[in-house]
Amino acid sequence: MTADVDVLVAGGGPVGLAAAIEARLAGLSVLVYEPRTTPLDKACGEGLMPGAVRALARLGVRPAGREFYGIRYVDSAAAVEHRFRSGPGLGVRRTALHAALSARAAELGVRVESRRVDAVRADATGVSVSAGGVQGRWLLGCDGLHSLVRRDLGLAGPGVPVVRYGVRRHYRLQPWSDVVEVHWSPAGEAYVTPVGDELVGVAVLGARGLDYAEVVSAAPQLRDRLRGAPVGSELRGAGPLWQTTSRRTRGRALLVGDAAGYVDALTGEGIRLGLAQARAAVAAIVRDDPAAYERDWRRLSRYYRLLTTMLVGAATRPALRRRIVPVAARLPGLYGALVERLAQ
């Protein structure tokens, strides 16, 4: 197979652009296919953990945002907070993050075309896609939760035990805290992230049929904070969140980020993990060793998959759910160790 480009990237979201930047920094030619208009928005918590901030800086990307210094769990009767020891995180509007990555990719000569990748074919010699008839030596599938690349390559895994969704909106008010707050209620979890001097993002997670207003109202402290606050964006949803894969590689095609499998947004690790996977995928390409990426993916995501699966299991059982914050408050050392591990 004669390649037109070293690396085709399917999906121009944050992880796809990060993978493209990694490839250019490694001296590879890159073409990104992304049918949506830049900058891209998405329903997410918008909190970058300290490890993600450092990973972006290594790529030469420093998005504008508001620093936060820890994670606080809250319910109607208890609260527990851990402040990062490894430096601050950053609350960033998803559009600002995408714009910063787009600018850096353009600076490095990454080509982006407004196309959707489909009819993917991959083997040991290269990859091809129907869009534009382009062939590449490698393909990185970075096209998100509902990845078409994953589907075309036959890498989707079995059904999942829990179906959950997320919904996000912003409020125009001054952040009242310098940490990300997670409000636990019987109706769902609400993640509060300061993303600007006068802008707060509130993302809620819960089961199918999730009602945003109900989750906010069921968290008394959050409800009181938001009462009368002007809305800064429309509701935006995502899901179902849990996606499984049988493998992350087929021939010279590699799945990266949410396309490679996702459990839940409970631990806020999506971007940090996606950036680490992008780096590992490009390293495997440079070594011409896709099997190395499969091993690295398992190593990089092991802790995330274990902890998030356990938390989702507890969050979906009412008897366990109401004990999460009280137990964390009684064991602040353990809570802090878990948060610090996620912050790396």
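Taken together, the values in this text are just the output of simple stated rules run on the coordinates, not laboratory data. Owing to the predicted nature of the structure, the values given are computational and were not obtained by experimental measurement. A quick note on method: Cβ atoms are made from the backbone with ideal geometry, for glycine too, and the neighbour counts reach across all protein chains shown.
Things to note:
- Computing FRET efficiency as 1/(1 + (r/R0)^6) for Ala283 and Ala99, where r is the C-beta to C-beta distance and R0 is 35 Å, gives about 0.85.
- Point-to-point label distance, Arg223-Leu306, nm (Cα→Cβ direction, 7 Å offset): 3.9 nm
- Max mean-square fluctuation residue, GNM over the chain, Cα-Cα springs under 10 Å, options Ala122, Ala18, Ala190: Ala122
- For segment 230-304, the Kirkwood radius over C-alpha pairs fed into Stokes-Einstein at 4 °C and 1.567 mPa s yields D = 96 µm² per second.
- With an a/c value of 1.5 or above and a/b not larger than b/c for the gyration tensor axes a ≥ b ≥ c computed over the alpha-carbon atoms, segment 90-204 is described as oblate.
- Nearest-ten-degree value, helix 332-343 long axis tilted from longest Cα axis of the chain: 30 degrees
- Normalised by 2.2 N^0.38 Å, where N is the number of residues, the alpha-carbon radius of gyration of segment 256-344 equals 1.29.
- Taking one quarter of the surface of the C-alpha convex hull of the chain gives a mean projected area of 15.9 nm².
- Here segment 1-134 is treated as a sphere whose radius is the Kirkwood value from Cα pairs; by Stokes-Einstein at 37 °C and 0.692 mPa s it diffuses with a coefficient of 197 µm²/s.
- Residue among Val163, Val92, Val149 with the largest mean-square fluctuation in a Gaussian network model of the chain, springs linking Cα atoms under 10 Å: Val163
- Acute angle (nearest 10 degrees) that the helix 14-25 long axis makes with the longest principal axis of the chain, alpha-carbon atoms: 40 degrees
- Largest GNM mean-square fluctuation across Asp258, Asp41, Asp224, computed for the chain with C-alpha springs under 10 Å, falls on Asp224.
- Per residue, the convex hull spanned by the alpha carbons of segment 149-273 comes to 121 Å³.
- Length-normalised contact order of segment 203-344 in % [C-alpha pairs under 8 Å, at least 6 apart]: 17 percent
- Translational diffusion of segment 77-145, µm² s⁻¹ [Kirkwood Rh, Cα pairs; Stokes-Einstein; 37 °C; 0.692 mPa s]: 202 µm²/s
- The residues Val160, Val339, when put in order of fewest to most other Cβ atoms within 10 Å, stand as Val160, Val339.
- Summed over qualifying helices (DSSP H, 4 residues or more, each -39500 (n - 2.57)) and divided by its residue number, the chain shows a 222 nm mean residue ellipticity of -10500 deg cm²/dmol.
- Degrees, to the nearest 10: 290-315 long Cα axis against longest axis of the chain: 20 degrees
- Cut-off 15 Å between beta-carbons: net charge of the residues surrounding Arg93, Lys and Arg +1, Asp and Glu -1: +2
- P(r) of segment 1-53 over all Cα-Cα pairs, binned every 5 Å from zero, in whole percent: 4, 17, 22, 22, 17, 11, 4, 2, 1
- Sequence of Thr245, Thr267 once ranked by neighbouring C-beta atoms within 10 Å, starting from the fewest: Thr245, Thr267
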